[in-house]
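Reviewing the structure listed below.
We did not get these values from a lab; they are worked out from the coordinates using the rules stated. Computed from a prediction, not measured in an experiment: that's the story for all the values here. Neighbour counts run over all protein chains shown; Cβ positions are idealised from the backbone, glycine included.
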Amino acid sequence: MEPLPREPRAPAAAAVEAPAPTLAPAAVAAGAALVGYGIVTNVAFVVLGVVLLGGGLAAWIAALRHEHEPVLERGPSGAGGPPDEALEHGSRSDEPSAPQKGGAAHG
């Protein structure tokens, strides 16, 4: 028998980005369940559920916002500073900026 031909693999760049694992969705679900249980039984469960739901929702939103923060690129030296594109346009962070004309001091 002949071996089956291999299928081409997708390049690594085409990988799907997945969000970081977090317990926030479980906290939101547990909080909602406690609110529902508390409506039927006792107000204390409602209060606990609202606190858990609010905390879980805040943590979930914070995790999502943190995921989409821009990443600062390093300059050519690798020691921080402006990205390489900023250096191509003539702006450097270690050079003093020229005084601006037409300001309040120049009347």
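Can you tell me the order of 33-42, 53-62 when each peptide is scored by its average per-residue count of other Cβ atoms within 10 angstrom, highest first?
Numbers: 33-42: 13.6, 53-62: 15.3.
Ranked from most to least packed, the peptides come out as 53-62, 33-42.
Across segment 31-38, rounded Karplus estimates of 3J(HN,Hα) from the backbone phi angles (6.51 cos²θ - 1.76 cosθ + 1.60, θ = phi - 60°) give x, 5, 5, 5, 4, x, 5, x Hz, Gly and Pro being marked x.
Report, as a whole number in µm² per second, the diffusion coefficient that Stokes-Einstein gives for segment 23-69 at 10 °C and 1.306 mPa s using the Kirkwood radius over alpha carbon pairs. Kindly include the intermediate steps, with their values, before the conclusion.
On the way: Rh = 10.7 Å.
Estimated via Stokes-Einstein, D reaches 149 µm²/s.
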